[in-house]
Each structure stands twice: as structure tokens, then as C-alpha cells.
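Down below is the structure, laid out as C-alpha cells.
The values are calculated or read from the model by the stated rules, or taken from the named source; none is laboratory data. Quantities reported herein were computed from a predicted structural model and do not represent experimental measurements. Every residue, glycine as well, gets a Cβ built from its backbone with ideal geometry; the counts of neighbours run over all protein chains shown.
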Amino acid sequence: MEFFRDTDIDFLGKKWYFLTVTMVLFVVGMAALAIHHGPDMGIDFTGGTQMDVKFSRAVPTDQIRQGLAAAKLGDVTIQPIGGADSDEVLISSPLSALNQADLEKSKTEIVQVLYQVLGVPTSSKPDLNNIGVEAFTNWLLQTDPEGYQGLGAQVATQRYTALADQMIKVRRDTEGKGVLSSFQALAAAPGDAHLAQLASQDFSLAPFTVRSTSIIGPQVGSQLRDQALRAVLYSLAAMLIYIAFRFELIYGVAAVVAVFHDVLITLGMFSLARLPIDLTVVAAFLTLVGYSMNDTIVVFDRVRENLPIMRRDKLAVVVNKSINQTLSRTVLTSGLTFLSVLSLLVLGGDALRGFSFAMTFGICVGTYSSIAVAAPMMVAYIEWRNQRQRPTAQAVAVAGASARGKAGRER
């Protein structure tokens, strides 16, 4: 299938326009990185606490942000999931200079601030919306509402664990929000309606629940950052060796420079958009490296096929012809992939925002660099190398003519 055929676009003739676009994007990206003192690193790399909090109603993020700022908990960021006034938010507290105990303390302080912001009265009772199966099982073992303790500790633990799991599942699934609005909601668990009254005496109910918590120490974050950087560099080195072996060294250098171009510009756009870089974004960068490299190899492979056929033509003509021959394939593959990741960017939500942004922008700049960076660089180097070799050949010819003339005079 071909999107179009028999195109004759002078891509190399427009190389200075391409260079201008590249320089503008590069300068804007590097300026953004300089202004923001480098890219915004996520919790995965800086260490810290990230909490996924679900509320029983929509809560303005500004209200939460003001409460956290008043508590002076550091550079805490709030990311709503599903809109500005969502009922679910991600609260991130990067604390790269603190130890694991401090991170645990940070989580507790954030929960206390949420109680204050939502006007929840202080209570010494455990919060039923924010305890797990183990804590609820311990309460059941202590109160023994079903009399299972008479069957032995092991049997009692097994049965109360199953009951606790069933009742926590009510909190998670029955109401659809994951937050119990009243103790009577526990009656949805078959055969356990009488436990609602018992639970109301020993527990409190907050209008939110912490659905998940990620706590990463600074040492682990530093290790992840170093490993991610090495993964990108090792992949580039391996591709350079492969292309140098398959074609020649300049092809590999041009391809790697094009990939560096893609990664640096995409990184600059991340800084411009103030998007944090986490492990999923690193995965997107590695995917971008492979995608851009593959597109470049397709063009170079066609150049290698055309060189014996068009050996009387200049290299620039051969490369232009090769790019035009692969243009339909490039538009089809890049276009379909672009539409897929664009849908992730639009519909995937905040959890996939960084990954989908890197892929969407990276596919565009990766396809562009295969045509506008790698190919012109390869042509420019080979033409420069040929010009350096030409005077040497001319000197050899002159020396040969001089030697022949001298031999004739001696005769």
C-alpha cells in the first residue's frame, strides 16, 4: 500500500530551512531547561511520597494546595485526575534529602492536612476509610463478634480475614467511589448488617481514602536515575556499532546524532511544558530512540540499494531519490503511530500524560530528523571527504606526468 508515489521533493535543497527549525527548537528547549534548572524529575528519581487520594465529592485543588502550603510541607504538587475539580488527585512530596522515616512522616502529615482542609473533627478512633484488611482483621479478632475465637486462633484468623476482606471490598466496590459515606454501607456485605453498629462505635469515617501510596527513598531514586541514563547511552552505543558494521561509520554517527537531536529537543519540550520525568517517560524515550533509529535505517538502506544503480549521479541526488521512495512508508507508519499515541494523550488521563506526550512529540521530531538531520549530515561529510581526497589524486597525476616528462628528456 502506498499513500502516494513518484514524488520528487528536493529535501536536501531545503536543508538550511531544516537547520533553522532545528536550531529554533533546540534553543527554546535548552532555554527552558536553563530557566527551570534542568528537567522536572518525578518521585521515581528524586525520592519522596506520592499519594493517590479519592474523595467522596469533588474538592477544589486550590483548597488542598493552600492547606498544604500553610502546613509548610515543602514543594508539594497536586495533580487532579480527570479535571480541575476532580474527586481524585495525586499528591507528590519530593523529599530527596530526607530518609525513609521522614518520608513516612510526610505521608502522615499530608493526611492530617486533608482532615483539616475537609473539616473532619479530630478523633482518636481509626478511620475506616483509610485502614486495610490487616487492621480490620485485628479489630475483628479483638471484638470477636462472631465467636470464632472459640474455634482456635488459626481458624479465627482465617475466618475474620475473609470477613475483613469482604467488608473492605464493600468500601472499594459497592458504592462505586471507593469511599464509605456511612457505616450503614457495610450492611451491603451479606450477613454482616449487625457489624455496622459495632464499627460505628470503634471507627470514624473521613470523606476520603488514600487508594495507594508510593514511597521512594532518595538513594533508590538516585540509583534509578543513573540506571535510566545508562540505559539510554548503552542503547545509542549499541546502535552506533550496529549501523557502522552494516553500513559505514559515518552512517552510524549521523543516525546517533539524529537520535540525540530527538531526545534533547523532546527533553526541552518537557521542561517547557513543566511535565515531570518518571520511569514511564524513560520508557517512552527508549521507544523514541528505537523508532527514530529504525526510520533512519530505512532511508539509509534504500540509499545503499540505489548507489550501484545510480552510480553516475551525485550522492545528494541519490539520497533525495531514496527519501522520496521511502516517503510513503514513512507517512503511513509514522502517521498511524502518531494517531495512536495522540489518542493516549487526549484520552489517557494524567497517569499517562508524560508517556503519551513524549511519544506524540517524539514521533514527529524523530520522523523529521531522519530526513532533515541524519541524511544531510551524512551527505555533507562524504562530500567533504571526497573534496579532501581529490587534491591528493590530482597531485599524484601531476607527479606522474612530471616523471614521464623527465624520463622522455633523459632518453
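Restricted to region 233-282, and to residues there that are charged (D, E, K, R) and closer than 26 Å to residue 45 by Cβ, the residue that is surrounded by the most Cβ atoms within 10 Å (Cβ to Cβ) is 262.
Consider region 142-172. How many of its residues are of a type in the set (A, V, I, L, M, F, W, C) and surrounded by fewer than 16 Cβ atoms within 10 Å (Cβ to Cβ)? Reasoning before the result, please.
Residues of region 142-172 of a type in the set (A, V, I, L, M, F, W, C): 151, 153, 155-156, 162-164, 167-168, 170.
If we keep only those that are surrounded by fewer than 16 Cβ atoms within 10 Å (Cβ to Cβ) as well, we get 151, 153, 155, 162.
The number of residues fulfilling the criteria is 4.
Using the structure shown, decide if residue 286 is over 23 Å from residue 7 (Cβ atoms) and at pLDDT 85 or above. For residue 286, the condition - over 23 Å from residue 7 (Cβ atoms) and at pLDDT 85 or above - is not met.
Residues in region 83-121 that are among the small types (Gly, Ala, Ser) and either in contact with a Ser or Thr (Cβ under 7 Å, 6 or more places away or on another chain) or modelled with pLDDT of 75 or more (or both): 84, 92, 93, 96, 106, 119.
Every test in (1) out of contact with any Phe, Trp or Tyr (no Cβ under 7 Å at 6 or more places or on another chain); (2) closer than 30 Å to residue 225 by Cβ; (3) surrounded by 18 or more Cβ atoms within 10 Å (Cβ to Cβ); (4) at pLDDT 75 or above is passed by residue 12 save one, and that test is (2). Do the conditions hold for residue 165, that is, is it closer than 22 Å to residue 55 by Cα, at pLDDT 70 or above and acidic (Asp, Glu)? The answer is yes for residue 165.
Residues in region 208-225 that are among the small types (Gly, Ala, Ser) and at pLDDT 70 or above: 212, 214. Taking the criterion of being within 12 Å of residue 267 (Cα to Cα) and surrounded by 15 or more Cβ atoms within 10 Å (Cβ to Cβ), the only residue of region 15-27 that qualifies is 25.
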